[in-house]
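See below for the structure under consideration.
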Amino acid sequence: MSEIKVPDLGESISEGTIYKWLVQEGDTVGQGDVLAELETDKVNLEISAEADGVISSILRQAGENVAVGETIGIIGSAADSGTAAGAGSAAADSAAGGGAAGAGSSAGASGGEAPAAGSAAAEAPAAAQSAAAPEAAAGHAALATPGARKLARERGIDLGEVSPRDPIGRIGQADVKGHGAAAPQAAPAAPAASAAPAQARPAAGSAPQGGDGKPAERKRMSRRRLTIASRLVEAQQTAAMLTTFNEVDMTAILDIRKRRKDGFKEKHDVSLGFMSFFTKAVIGALKAYPLLNAEIDGEDLVIKKYYDIGIAVAAKEGLVVPVVRDADRLSFPEIERQIGELAGKARANTLSLQELQGGTFTITNGGVFGSLLSTPILNTPQVGILGMHKIQLRPIALDEERTVNRPMMYIALSYDHRIVDGSEAVSFLVKVKELLEDPEALLLEG
């Protein structure tokens, strides 16, 4: 027997939520097989089998919160499962042949279909009816796997009528499913009187809310969504958050990308996007204004001398911020490659905790969704976050007489006013603007 336990989830994470089970009771599994998916505050993790065997019991269901080290299921050995099934079969045969009442009761309880021993002994008609049951049916029922029993109860199928394909006569879930598909007429028809209330009862999650009877849907928030909500509220309640804005003429960057993108792709096997330019520009500005690369620790100010840049990614389960480590030491293609890999993992829900932890400054790009202007919320305990937006042609006055259309982008810097003054925040954003409008400077200062 092997216990299925919640694994160590990493630093500061003590519990998670069972997202879904990938196996059912009665399923045969091998060592290393993925059994369930666990949702944590940051990522989803897989729980694997530590031994070969049969899922004999699932103790915690999908949607339940579980703690690190908690047992959520049991894997029994295949040999133990066969022995138990054989013992049940013998008990059933004994009961059918007029054996001890206790043995008959045990077999009946295992199948979940026979009456209690006391009532069978007390009432002659019930005893006669039990004796008339076919011996083969009792044997089949006793040899059914837990998963097959559960499925049969749900579908109202008598296990005694199911033909097993297993050489030793054990009924599996596939046998029950095949029986249900082959003989749907065997299921008893529901009385018309009871059908009406069942049709009138609304499905779970879609019941009307309020007294007006209008339809609505109620969905439980995922653990990640709850964490995002909690952290965003915490950021607004604990930080003196303020946002300053500027705009960037993207002409030079668009020109470089147009001229260099094919050669860049051919040489480095990665596309030249905007994020490498913005990452380099942010690093150059952080070096000039280091308080934006700091955090508050109690009454201390921790100014970080390294540049781990978080890149916000919109995934199906919610926003995540994987981190590009030591981004100041990376080249343009290395930054683009790492961002692409992290974004792919985020959307596939395969990020590790290490790839999400830490970070000294964050960049978020609402422009990919068409946002023209926004005020990003701090990713605490960081004290700065840069928001990128949609590139849009706008008329720009070159002087008193000349106006031209230029591809412009609004950029926003949200910062913690507790340690960053307005003048420093504005100067930081101006520095980012200058570096982006003169990309050659990125090679010197980024």
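The values are calculated or read from the model by the stated rules, or taken from the named source; none is laboratory data. Keep in mind that what you see is a predicted model, and the values were worked out from it rather than measured. Every residue, glycine among them, receives a Cβ derived from its backbone with ideal geometry; neighbour counts consider all protein chains shown.
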Say we look at segment 23-47 and pick out the residues that are modelled with pLDDT of 85 or more and within 14 Å of the chain's Cα centre (by Cα); which of these is surrounded by the most Cβ atoms within 10 Å (Cβ to Cβ)?
-> ALA36
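Quick one: is VAL321 assigned by TED's automatic domain parsing to the domain that holds GLU234, in contact with a Leu (Cβ under 9 Å, 6 or more places away or on another chain) and without any contact (Cβ under 8 Å) to a residue 12 or more places away in the chain?
On the way: assigned by TED's automatic domain parsing to the domain that holds GLU234: yes; in contact with a Leu (Cβ under 9 Å, 6 or more places away or on another chain): yes; without any contact (Cβ under 8 Å) to a residue 12 or more places away in the chain: no.
Taking the combined requirement at face value, the residue does not satisfy it.
Residue check: is VAL270 in contact (Cβ under 8 Å) with a residue 24 or more places away in the chain, in a loop (DSSP other than H, G, I, E, B) and assigned by TED's automatic domain parsing to the domain that holds ASN405? Talk me through it step by step, then tell me what you get.
Details: in contact (Cβ under 8 Å) with a residue 24 or more places away in the chain: yes; in a loop (DSSP other than H, G, I, E, B): yes; assigned by TED's automatic domain parsing to the domain that holds ASN405: yes.
Considered against the rule, which asks whether it is in contact (Cβ under 8 Å) with a residue 24 or more places away in the chain, in a loop (DSSP other than H, G, I, E, B) and assigned by TED's automatic domain parsing to the domain that holds ASN405, VAL270 comes out as yes.
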Per the filter on segment 242-294, residues touching a Lys or Arg at 6+ places or on another chain (Cβ under 6 Å), among the small types (Gly, Ala, Ser) and at pLDDT below 95 are SER271
Of the residues that make up segment 168-190, is at least one at pLDDT 80 or above, more than 30 Å from ILE335 (Cβ to Cβ) and either among the charged types (D, E, K, R) or in a helix (DSSP H, G or I) (or both)?
-> no
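This table checks each residue for (1) surrounded by fewer than 17 Cβ atoms within 10 Å (Cβ to Cβ); (2) over 30 Å from the mean Cα position of the chain (by Cα).
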residue: ALA348; (1), (2): yes, no
residue: LEU378; (1), (2): no, no
residue: SER414; (1), (2): no, no
residue: VAL420; (1), (2): no, yes
residue: GLU434; (1), (2): yes, yes
Test ALA252 against the criterion of being under 30 Å from LEU38 (Cβ atoms) and surrounded by 12 or more Cβ atoms within 10 Å (Cβ to Cβ), and give yes or no.
-> no
Output for segment 399-446, where each listed residue is without any contact (Cβ under 8 Å) to a residue 12 or more places away in the chain and within 17 Å of ASN246 (Cα to Cα) | ASP421, SER423, GLU434
Hey, among the residues in segment 284-302 that are part of a helix (DSSP H, G or I) and among the small types (Gly, Ala, Ser), which one's farthest from the chain's Cα centre (by Cα)?
-> ALA288
Kindly indicate whether ILE13 is modelled with pLDDT of 60 or more and either under 21 Å from ALA144 (Cβ atoms) or not in a loop (DSSP other than H, G, I, E, B) (or both).
-> no
Collect the residues in segment 382-407 that are part of a loop (DSSP other than H, G, I, E, B) and within 30 Å of LYS304 (Cα to Cα), keeping them in residue-number order.
-> GLN382, VAL383, HIS389
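Taking the condition modelled with pLDDT of 95 or more and closer than 17 Å to GLU424 by Cα, does ALA327 pass? I'd like the intermediate steps shown before the answer.
On the way: modelled with pLDDT of 95 or more: yes; closer than 17 Å to GLU424 by Cα: no.
In short, no.
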Name the residues in segment 331-370 that are part of a loop (DSSP other than H, G, I, E, B) and either assigned by TED's automatic domain parsing to the domain that holds GLU39 or at pLDDT 90 or above (or both), would you?
-> SER331, GLY359, THR360, GLY370
